[in-house]
Amino acid sequence: MTDQTRPPFRLNNSELWTGVLGIALGVFVIRSGLKLKLGTINDPGSGFMLFYIGLLMCAFAVTIILASVTEGGPTFGSRWEGASWGKPGAIIVILSAYAFALEPLGFLISTIPLMLLLLRVIDPVRWTLAIPLAVLAPVGVWWVLKRGLLIQLPSGMFEIG
């Protein structure tokens, strides 16, 4: 790429700042791993995986920064042009209601309506597919977590399971 075709360096390049944020997050993860003690490859400590995941995060962030400097990137404003906020807002409201309903109603009684809402309202799926998915997916997850992995889930006022 010659100097005439190279895009100009801009500070409002969203990918540049995403890379900088990625490096900051990676450094935080590395420091957290170091605080938990690394250990050795044969006897890894609690921070072993965190440390190396943080290194990978930093490496990926550096590649994002290099690409944004050499190839340019979209501005912050262009990322949000034409964005529709209806569905993300609905998802936030639905998930907030789910969070409040989970403990008193229990996993199954609150997750089945959540799945049905998401399948019908957010990304409409026909009823003949939405109802079986909304029932079978939570029941399957409940069975694996509760019976297979012996993980305690909120049972709610109906004490299911």
Open item on the list: Please count how many residues of region 65-90 are of a type in the set (Asp, Glu) and in a loop (DSSP other than H, G, I, E, B).
Closed with: 1
Task: Residue among VAL62, VAL93, VAL20, VAL27 that alone is in the same structural domain as PRO154 (by TED's automatic domain parsing) and in a helix (DSSP H, G or I) - done: VAL93
Task: Leading residue by the ranking (surrounded by the fewest Cβ atoms within 10 Å (Cβ to Cβ)) among those in region 53-80 that are under 20 Å from the mean Cα position of the chain (by Cα) and not aliphatic (A, V, I, L, M) - done: TRP80
Task: Residues of region 96-113 that turn out to be in a helix (DSSP H, G or I) and in contact (Cβ under 8 Å) with a residue 24 or more places away in the chain, as a count - done: 10
Task: Meets criteria (among the hydrophobic types (A, V, I, L, M, F, W, C), under 22 Å from the mean Cα position of the chain (by Cα) and surrounded by 15 or more Cβ atoms within 10 Å (Cβ to Cβ)) for LEU119 - done: yes
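The values are calculated or read from the model by the stated rules, or taken from the named source; none is laboratory data. Small disclaimer: the values here were computed from a predicted structure and weren't measured. Cβ coordinates were reconstructed from backbone atoms using ideal geometry, including for glycine residues, and neighbour counts include every protein chain displayed.
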